Structures are given as structure tokens and as C-alpha cells.
Amino acid sequence: MAGRYFEGVAHAALYAKFRPIPPPSLVNRITSYLKEKYKGPLENAVDVGCGSGQSTGILSNHFKNVVGFDISEAQVAEAVKQEKSPNVTYKVSGAESLLCEKESLQLVSAGQACHWFDIPKFFAEADRVLVPGGVIALYGYHLPKPIWEGKSEKLNQLILDLYSGILQGYVKQESMEAYLGNYTDPRYKPPFEYYESERDDSLYLDRKATVADLKGYISSWSGFQNYRADKGDEAALNVLNTFESKFMDELGVDTPSSETELTLRITYYLLMGRKPLA
């Protein structure tokens, strides 16, 4: 059964505000792989587990029609509110039963999402809706790595200590398979007997963010939200404030966290599978 941990309105708003938009290089890598063997027009693509739409709108310049699917009505509502591309629409749907005709799509993508799906059922559904030569693309990203001269490793360790230590027991196995396992488990590879597949770990995005932004991003983690639901708002806020204090102490600056800017490197991993040509 697919996991459902991001359905609240407030959580959807956090996603929209703090989750990263994948870099153009990732989308270009996917479409280049698709065009290697599929020679028809790029008509239709879907983004499954689209959340608040960061991984959906980026497809709009490459396909005539793009649809984002998510099981959460709140996430879909947030995505609709944020979307500006006229060829992108959103629908409420689970990953295991897509509202698409048989062999109607050139691309099925899922960004930082498929670890919550029923993978075998999702793969079967992707097989149903993809045209021959169509591609399934699954990708995610590592925990963000702060870049600050002489301090990067210690700052990175603070994030890891929070994720794997303080929130231990609240971070679900599925989340760890994304952030720490990076979809290396064989179950994430499209079925070998049917699909040609490829993996790329070379893609990354450097984005400017304040320490306050980083704290906001952490608040969007499912593990943090699970902690908050169990321990309460005050305890959860204390976790965030303690992390922020340690982070600022390590930086050794006097500016407020909302004005202290650094670079966050988001490193992506991408798995692609191609449905055989007829």
C-alpha cells in the first residue's frame, strides 16, 4: 500500500515554499534519453506524486500536455495555485491507477516520490500507459549539503545528525531509501526482463538559501512532521530552533538566520527505463 504522509494543507504549503525545483539538466537528460529511440512527437507526459508541482511544471517546455498526479487533494490544490504554464494540469490520483488511456504517454516521471508507491503496481501501470519506446524516469535527491568555506563537512553533519539521530524513529524507511539509499535497492529498477534501463548520478543543483530557508525545508520532512504530530508543536519548534542555533554557531556570523545566505548543493540520482519499441 502506498504511503500517505503529505496530505495536510499546511504541509502542502511548506512543500511549495521550500522544496527545490529540479535543474534543467535533469529534464534535458530525461528527454535526451527518450529521443534516443522514440522518434515521434512528445505529446503527453505525467508526473506522478507531483506534490505541489515543482517536478511537474519543468516538463512544460518539452511536452504538449503535462499532467501532475498526487493522492493528496491539498497538494494538488497547492500545485494548481502555483502553476503558470497553460499546458500543465493537475489531478487527484494514486500512482497505482493513473487516469490515462493505454499507450498514451511518452513519459511517466516521479520526482522524490516513488518510495511512497506500491512499486510493482506502479511499474505495471507505467507499462500500461507508456507508448512503445516511452520512458519511465524516477529520481530523487540527497540531503542538501551546505557549502561554506572550511565548514561544509561540519554543517552537513548537523543536518545528518538531525535526520538520522534526533528524528530517529520518526523517519520512515521509505524516506531513508530516498535520502540515504538513493534508490539503489533493486526494487526501484524497472523490470529487467522488459525494460532497458540506465542510471545517472552526475546531476546537481546549487541554490542560494538562507539558514531560515534551510530550517523551513527541514520542517517539510515527513519525519519532522511525524515528530510534531507525536510530540506537539512546542517540542517540534524547539527541535528546529536548536538546529538553527547550532548551525549559526558553526557559521560564526552575527547576522540573523533570515539574512544569512549560503549555497545548498542538491545532488540528484536518476533511474530511467525504456519500454521496448513494438
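The values are calculated or read from the model by the stated rules, or taken from the named source; none is laboratory data. Nothing here was measured: the structure is a model prediction, and the numbers come from that model. Note that each Cβ is placed from the backbone with ideal geometry, even for glycine, and that neighbours are counted across all protein chains shown. Quick note on the areas: whole protein, heavy atoms, side chains included, nothing else; ligands and nucleic acids left out. Shrake-Rupley method; radii C 1.70, N 1.55, O 1.52, S 1.80 Å.
Accessible surface for Asp47 stands near 0 Å², nearest 10, in the context of the full protein assembly shown (1.4 Å probe).
All alpha carbon pair distances within region 184-278 were sorted into 10 Å bins beginning at 0; the resulting P(r) in whole percents reads 13, 28, 25, 19, 11, 3, 0.
With Cα atoms as the point set, region 104-243 shows a radius of gyration and Dmax of 17.9, 53 Å.
Per residue, the convex hull spanned by the Cα atoms of the chain measures out at 122 cubic angstrom.
Across region 67-206, C-alpha contacts under 8 Å between residues 6 or more apart give a mean separation that, scaled by the residue count, equals a relative contact order of 19 percent. Averaging 1/r over every pair of different alpha carbons in region 87-152 and inverting the result gives a Kirkwood radius of 13.9 Å. Local charge for Ile119 was computed over the other residues whose Cβ lies under 12 Å away, with Lys and Arg +1 and Asp and Glu -1, and equals -3. Pairs over the 31 Å Cα-Cα cut-off, from the set Lys81/Lys215; Lys121/Lys154; Lys154/Lys189; Lys121/Lys215: Lys121/Lys154; Lys154/Lys189; Lys121/Lys215. Taking Gly134, Gly111, Gly252 in turn, the Gaussian network model of the chain (Cα-Cα springs below 10 Å) assigns the largest fluctuation to Gly252. Distance from the alpha carbon centroid of region 102-151 to that of region 221-278 works out to 21 angstrom. Taking the Cα atoms of region 10-112, the ratio Rg/Rh between the radius of gyration and the Kirkwood radius comes to 0.96. Counting only DSSP H runs of at least 4 residues, each contributing -39500 (n - 2.57), and dividing by the residue count of the chain, the helix-based mean residue ellipticity at 222 nm comes to -10500 deg cm²/dmol.
For region 72-120, GluC sites (Glu not before Pro) meeting the loop criterion (DSSP other than H, G, I, E, B) and having at most 13 other Cβ atoms within 10 Å: Glu101. Could you give log10 I(q)/I(0) at q = 0.20, 0.22 Å⁻¹ for region 59-178, computed by the Debye formula over C-alpha point scatterers of equal weight, without solvent? Per q value, in the given order, log10 I(q)/I(0) is -1.14, -1.26. P(r) tail for region 221-267, what percent of Cα pairs lie past 13 Å? It works out to 64 percent of all Cα pairs.
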